[in-house]
1. In segment 64-208, what is the count of Lys pairs whose alpha carbons are under 29 Å apart, counting only pairs at least 8 residues apart or on separate chains?
2. Give, as ranges by residue number, the residues of segment 95-116 whose backbone N falls under 19 Å from the point 7 Å along Cα→Cβ of Glu21.
3. Among Phe91, Val14, Ile81, whose Cα sits farthest toward the positive end of the charge dipole of segment 1-94 (+1 at Cβ of Lys/Arg, -1 at Cβ of Asp/Glu, about the Cα centre)?
4. About the Cα centre of the chain, how large is the charge dipole given +1 on each Lys and Arg Cβ and -1 on each Asp and Glu Cβ? Please answer in debye to the nearest 20.
5. Using the alpha-carbon centroid of each, what span in Å lies between segment 75-110 and segment 267-312?
6. As I understand it, the dipole of the chain uses +1 on the Cβ of Lys and Arg and -1 on the Cβ of Asp and Glu, about the Cα centre. Which of Ile301, Val120, Gly233 lies farthest toward its positive end?
7. Given only helices, namely DSSP H runs of n ≥ 4 each adding -39500 (n - 2.57), what is the per-residue ellipticity at 222 nm of the chain, to the nearest 500 deg cm²/dmol?
8. Over the chain, one equal point on each Cα, no solvent: what is log10 I(q)/I(0) by the Debye formula at q = 0.09, 0.14 Å⁻¹?
Amino acid sequence: MKAAVYERYGPPEVVEVRDVEKPVPKAGEVLIRIHATTVTSGDWRMRSMELPAGFGFMAPLVLGIGKPRQPILGSELAGEIEALGAGVTSFQVGDQVFAFPGASTGCHAEYRCVRAAGPVVKKPSNLSFEEAAALSFGGATGLDFFRRAALKAGERVLVNGASGGVGTAMVQLGKHFGAEVTGVCSGGNAELVRSLGADHVIDYTKDDFTKNGVLYDIIVDTAGTAPYSRSKGSLAKGGRLLLVLGDLWDLFSPLASLWRGRKVIAGPTSERVDDLRTLAELAEAGKYKPFIDRTFPLEQIVEAHRLVDSGRKRGNVVVTVGSRS
Ligand SMILES: NC(=O)c1ccc[n+]([C@@H]2O[C@H](COP(=O)([O-])OP(=O)(O)OC[C@H]3O[C@@H](n4cnc5c(N)ncnc54)[C@H](OP(=O)(O)O)[C@@H]3O)[C@@H](O)[C@H]2O)c1
């Protein structure tokens, strides 16, 4: 099968499309023929080893010392079940699904095996494969952080970095949970963020949300420009700061924030199959739809990586795989 492979850390050009062995499903697994996948900020970090401050020394231990242990990136996919491993009864050949192997990646390929009892769910019928492929990375991050923050209807939520992969998901999910949502992005993306449901939009090139006197119950930082030191004055009593992007030291901010009655929530997203089911239900009900910036064929995946590396993609970058005949 064809796959996008990287055998050393570095710029987008370290990725090459090559023939590799097609996987065979083990007992309890399904083999998925992939129609679409995404290149996310997570792929950029794993490929380039550009990590938030303080995490650099840990990454090689997790990803591989000197070269990546898993040479195929891609944390999410959508496609069709082509074969079932022994004992699988929950899916049938031909089922249309999306899956989120997450940090174990391997989705930039024509096929991937996934545990049938693991992160794979039937595709919402109203989404294309391209849209379904982009459901999980931002969506699961949004659900996990909002759950950890115990978001309640009527709360004021500010999403810093509202036009990115995670931000576009969190604006929609925040609205779904009944929050009053303010999105912070560059002026060119204001219309997009408003179209996703944001009640207010702040152009960070013109206005500073920390200086407008407004207090928020939840501030989400996906851009790394709203750490506790900057955001604390904008958090209401009982407010929570969600550091989707934070450095190692931010993991200790919860201690610093305790005495002020505010909470800092940081660290990696926990990946749950139930969250994928929730995202599928929301999509089916028309309440959540991944925004796609651009779509590239697998053969042009280096271009897709370049767009993600720019740090300015809007929502999601999708890669289509194979032909659908
Ligand atoms: N904790 C976790 O488990 C977890 C999970 C997922 C992602 N992440 C991290 O979260 C970060 C965001 O991920 P992503 O996929 O959303 O990235 P992304 O799609 O590249 O989006 C980043 C967004 O940041 C915005 N931005 C840039 N400078 C800004 C500023 N000064 N103020 C406000 N917004 C600004 C950009 O919008 P404009 O173009 O409008 O400026 C862009 O849309 C990444 O660093 C990723 O590694 C962490």
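The values are calculated or read from the model by the stated rules, or taken from the named source; none is laboratory data. Owing to the predicted nature of the structure, the values given are computational and were not obtained by experimental measurement. Ideal geometry is used to build each Cβ from the backbone, glycine not excepted, and the neighbour counts take in all protein chains shown. The accessibility values were calculated without ligands, DNA or RNA, using every heavy atom of the protein model including side chains. Shrake-Rupley method; radii C 1.70, N 1.55, O 1.52, S 1.80 Å.
1. Numbers: Lys122/Lys152; Lys122/Lys175; Lys123/Lys152; Lys123/Lys175; Lys152/Lys175; Lys175/Lys206.
Value for segment 64-208: 6.
2. Only 105-115 fall inside the zone, counting backbone N under 19 Å.
3. About the Cα centre, the residue reaching furthest to the positive side is Val14.
4. 760 debye
5. Their Cα centres are 16 Å away from one another.
6. Highest projection toward the positive end goes to Gly233.
7. Calculated mean residue ellipticity at 222 nm is -6500 deg cm²/dmol.
8. Here the Debye-derived log intensity ratios amount to -0.45, -1.08.
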